[in-house]
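What follows is a set of notes on a single structure, which appears directly below.
The values are calculated or read from the model by the stated rules, or taken from the named source; none is laboratory data. No experiment lies behind these values; they were computed from the predicted model shown. We place every Cβ from the backbone using ideal geometry, glycine too, and count neighbours over all the protein chains shown. Accessible surface is based on the protein model in full, side chains and every heavy atom, while ligands, DNA and RNA are left aside. Shrake-Rupley method; radii C 1.70, N 1.55, O 1.52, S 1.80 Å.
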Amino acid sequence: MADEDIKEEIKRRVDIVEVISQYVPLQRAGRRYKARCPFHQEKTPSFFVDPANGFWHCFGCGAGGDIFSFLMKIEGISFSEAGERLAQRVGLSWQTQPADKAKAQRRKLLRRAVKIAADHFHDNLHQSGGQPALDYLHQRGFTDEVIEKFWLGYAANQWDDLLKFLGKKGINTEIAQAAGLAKVSRQGTHYDVFRHRVIFPITDAAGAVIGFGGRAMDPDESAKYLNSPDTVLFNKGRNLYALDVARQELVAQKQAIVVEGYTDVIALHQAGISNVVATLGTAMTADHLRLLGRYVDQVILCYDADAAGMQAALRNIDLFERSGLEAKILILPEGTDPDDYVRQHGPEQFAQLTNQAVNLVQYRLEMVFRQYRDQGADGMARAAREAVEVLLKVPDLTRRDEFVARAADRWAKGRPQRAESMQRALQMELRRRSARHTRRRGRPAPDVARDRSFITEAVTRYAEQESPWWETLEKELLSAALEGEQEAERVLEVVQPDDFTSPVHRCIAQALQDQLSTEGQFQPRRIIEELNEEGGTRQRGIELLLASPPADLDEDILQQAAAKLRKHRSTIGLQEEYEIRSDDLLAGGIADADRQDFDQLQTRVAELMESGELTHDHPDYQEFLRLAKMFHGKGQFGFVNDDEAIGGPAPSSVAKDRAVDKDGMEENNQGS
């Protein structure tokens, strides 16, 4: 089977919704599915999957493609590796290039090695040599059911037990070492990484084994817990323990409880608290938060108060703030961990503690207060300075003001005047530090009054980035046309490809027209796949295919849309705004009435052009040209086609030092 043929067969057989659902929870939205994008942080779902056509697209970050591109992007693998994995999923054979084949084969061997190791460790647990490990797990209160669920195991108390077993399965020592299962001694021989340990397999979000954690059975062992080293498959800063087991409950509750130990996770899951995962011997990272952000809105850190993970979280508040997730801290009674607590007090009490979790910023501010509360005025001053260090990590000014007010009330102990004083002190220190910070970065200090209107400014910036009216209209027409053959015929009967201003849209419209003129079934997916990838044409096609088409597109609306687009195309190159020199205004004794008419016409022409109603022979435009030439002469930058009569073709758009002709091509302005 040819490469393109097998690719098409894979796409036909693979359920794109099923595959993507292994990485991100999808919710049905009409004929499509939606979710929060796994490739950028967002609170509102803008990631859509079209199962009928086999495409996905994020309207937030612009990423999109087919099932191959999704797997490549989310797993960080090559096209050949994605093809091989998908082909294996549906029982097909995938042919790869020699270089890609070698890379894919190596990764496949690594995955096979860790899977064999996981099964071997699990079998060991139920052999005579693994009885002490099994007894240990039972003593910890773990049932046989939960041991099977997490596929727990035992690494034998030998130097090469696993290596020998891997060898029998065709896995050599080099692959075992690359998979994090073996090390090289000073003598150059290989030995097992995990020996005489209870084994906790670590899986990815799809449930495939990628690494291991091991708990020492020897009480004299200095390293009580040991994790796999970072490999091609495993990275402790990007993976979380039990994510695949917890995923369904994470989605249901929109909340993740993060603990530090394997046994804490297993104990809570056994108690019926299933939205729990664990970090792997490292503090929470941006990658961890990005991973959790696919499933939840809130993260609760359940750490010991003095644990390294807790201290790291308090130092890195800005990391959590940037993630878009609400971060809280659940503090257990001193000397207990989640495993101990849920066994002693039960899941109901643990759930009550969860409900009492404190916001991470609020908790840090409380720690500052406790540190300085008995140190008088000097202590309050130091507290204010330290609190500001925390508050500066909160970029949302509205939330920051809320924390300022809370901190002031907490420190005032119910005395309103003291609360006001403390709030003023915090705000003054924040202004001073913010100004110093921005000056250090080479920018002027911000106007604090303007800071309070940051929402308005953000909305304004967003509005300025929106597409022009004609581009939005073109998108809506093409999105409607891609809905089906009947819709495409209705649109293209009225709007021709040449009516589209955007070259990308013109190309898509032409592809639609070609499809309609070809006998056979109308296939939007085929249209998109045959678009050129260069210039973003195919990506725009995917976007339009997954976009929601306009609800009401009757004949009158289509005719109006076509007329507007044609008028816009005919006026490309019309100058929207002229720069008027003061000396030109003063020259020639021009009447005040003419100047007033010119100002009004300038506004009118801009409105006509924006609405798509401006034409070359429009009387307002002709009068505007007459007055503009009367004011300007050649003007500061000159007019293109200045020798033509007033009633002739319109001048091209003039920009500083450059002019644009009617076809949209830039050329040096010779009249300057």
- [ ] Quickly run through the stretch 497-519 and pick out the residues that are touching a residue at least 40 places away in the same chain (Cβ under 8 Å), open to solvent by 70 Å² or more (accessible area, probe 1.4 Å) and part of a loop (DSSP other than H, G, I, E, B).
- [x] none
Task: Qualifying positions in the stretch 245-273 - part of a loop (DSSP other than H, G, I, E, B) and on the phi < 0 side of the Ramachandran plot - done: E260, G261, A271, I273
Open item on the list: Can you find a residue that is among the hydrophobic types (A, V, I, L, M, F, W, C), over 37 Å from the mean Cα position of the chain (by Cα), closer than 19 Å to R197 by Cα and assigned to a helix (DSSP H, G or I) anywhere in the stretch 144-164?
Closed with: yes
Task: Odd one out for G346, checked against (1) under 26 Å from P229 (Cβ atoms); (2) at pLDDT 85 or above; (3) over 28 Å from the mean Cα position of the chain (by Cα) - done: (1)
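Could you check the stretch 1-38 and list, in sequence order, the residues that are touching a Gly at 6+ places or on another chain (Cβ under 9 Å) and open to solvent by less than 70 Å² (accessible area, probe 1.4 Å)? Let's see the steps before the verdict.
Of the residues in the stretch 1-38, the ones touching a Gly at 6+ places or on another chain (Cβ under 9 Å) are 3, 6-7, 10-14, 16, 22, 36-38.
Within the stretch 1-38, I6, K7, I10, K11, V14, I16, Q22, R36, C37, P38 meet the criteria.
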Task: Only one of I331, I300 that is touching a strand residue (DSSP E or B) at 6+ places or on another chain (Cβ under 9 Å) and either assigned to a loop (DSSP other than H, G, I, E, B) or surrounded by fewer than 17 Cβ atoms within 10 Å (Cβ to Cβ) (or both) - done: I331
Open item on the list: Looking at the stretch 210-232, can you tell me whether even one residue there is of a type in the set (F, W, Y), buried (at least 19 other Cβ atoms within 10 Å of the Cβ), in contact (Cβ under 8 Å) with a residue 60 or more places away in the chain and more than 29 Å from R290 (Cβ to Cβ)?
Closed with: no
Open item on the list: Take the residues in the stretch 275-286 that are open to solvent by 30 Å² or more (accessible area, probe 1.4 Å) and of a type in the set (S, T, N, Q); name whichever of them is modelled with the lowest pLDDT.
Closed with: T282
- [ ] Mind listing whichever residues of the stretch 219-244 are part of a helix (DSSP H, G or I) and either in contact with a Gly (Cβ under 7 Å, 6 or more places away or on another chain) or among the acidic types (D, E) (or both)?
- [x] D244
Open item on the list: Restricting to the stretch 233-252, name every residue that is closer than 25 Å to A156 by Cα and either acidic (D, E) or open to solvent by less than 10 Å² (accessible area, probe 1.4 Å) (or both).
Closed with: F234, Y241, A242
Open item on the list: Can you find, within the stretch 545-583, the residue that is modelled with the highest pLDDT among those that are of a type in the set (G, A, S) and surrounded by fewer than 15 Cβ atoms within 10 Å (Cβ to Cβ)?
Closed with: S548
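Regarding R370, is this residue of a type outside the set (V, I, T), more than 40 Å from the chain's Cα centre (by Cα) and open to solvent by 10 Å² or more (accessible area, probe 1.4 Å)?
no
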Task: Count - residues of the stretch 355-364 that are assigned to a helix (DSSP H, G or I) and either in contact with a strand residue (DSSP E or B) (Cβ under 6 Å, 6 or more places away or on another chain) or open to solvent by 30 Å² or more (accessible area, probe 1.4 Å) (or both) - done: 5
Open item on the list: If I go through the stretch 173-200 residue by residue, how many of them are surrounded by 16 or more Cβ atoms within 10 Å (Cβ to Cβ) and out of contact with any Ser or Thr (no Cβ under 7 Å at 6 or more places or on another chain)?
Closed with: 14
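Looking only at the stretch 390-407, count how many residues are of a type in the set (D, E) and exposed (fewer than 14 other Cβ atoms within 10 Å of the Cβ). Quick ask: steps written out before the conclusion?
Going through the stretch 390-407, the residues of a type in the set (D, E) turn out to be 396, 401-402.
Among the residues that remain, those that are also exposed (fewer than 14 other Cβ atoms within 10 Å of the Cβ) are: 396.
Qualifying residue count, the stretch 390-407: 1.
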- [ ] Answer yes or no as to whether G170 is open to solvent by 30 Å² or more (accessible area, probe 1.4 Å), part of a loop (DSSP other than H, G, I, E, B), touching a helix residue (DSSP H, G or I) at 6+ places or on another chain (Cβ under 8 Å) and not polar (S, T, N, Q).
- [x] no
Open item on the list: Could you check the stretch 113-137 and list, in sequence order, the residues that are of a type in the set (G, A, S) and open to solvent by less than 50 Å² (accessible area, probe 1.4 Å)?
Closed with: A113, A117, A118, G129, G130, A133
Open item on the list: Checking A308 against (1) open to solvent by 10 Å² or more (accessible area, probe 1.4 Å); (2) small (G, A, S); (3) at pLDDT 90 or above, only one condition comes out false. Which one?
Closed with: (3)
